[in-house]
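All of the numbers you see were taken from the coordinates with simple rules; none came from a lab. Everything numeric in this text was worked out from a predicted model, so none of it was measured. Here the Cβ is made from the backbone with ideal geometry for all residues, glycine too, and neighbour counts use every protein chain on show.
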Amino acid sequence: MKNSAVSSLIFVLAISAAACSSTGEIDRKELRRVVGTHSQVRLDAEFAAEQIHPSSVVRIKYEVENRREHAIAIADLHPIADYDHDSRTITISFGSEIPGAETVKLIRIDPNEKRTFSRGARLNVFQRGASPLLARPRYVRVKLNFLTDVAPIEEILASPAAADQLFPRWIESNEALFTNTIPIHWSRGQSPVSTRAGF
């Protein structure tokens, strides 16, 4: 994130519940839908909120389809929201580019399998200063980090003695998929008074 973005906006995303499988499918006609493909992995996601404002609750349903010949995996971690000041784009990331210090649970998606998940999130936006020239968010997109070499990482996670091998393996195996961006209606609303977000 650029320094200018850090000085103007800080995003904190708090999750109401862990990702869960859902039998419902993505509405292909939904106007608030974003799509992305990379390396034979497809992501469809839809946003339930029509507008976003400080402390708004955002529900996201997303479907991951693995068209590869081998399984992929997604780290079951809280999403991270980032803001790019220049493009005025919020990026909500699922999975992780690097393994965290906490125990990582992997969601495995086998070849030719589709998994649908639903997340409920509260997006708290902290704006420093009230200048009318401060660029407000205009677009939103989704990023998915997925692992392409699942078996070795599962073995490392199952063996605490091999923990030092996790970082290089994870970095080598991680790939990122970005969806298209869609415009959002940003309402200033009332800024939160706390830097902690939750349900």
Open item on the list: For His53, what residues show an amide H to amide H distance below 5 Å, using hydrogens built from the backbone and excluding near sequence neighbours?
Closed with: Ser187
TODO: Pop a pseudo-label 7 angstrom from the Cα along the beta-carbon direction at both Arg42 and Tyr139 and give the gap in nm to one decimal.
DONE: 2.3 nm
TODO: Search the structure for amide H atoms under 5 Å from the amide H of Ile184, placed 1.01 Å from N in the peptide plane, and list their residues when 5 or more places away or on another chain.
DONE: Tyr139, Val140
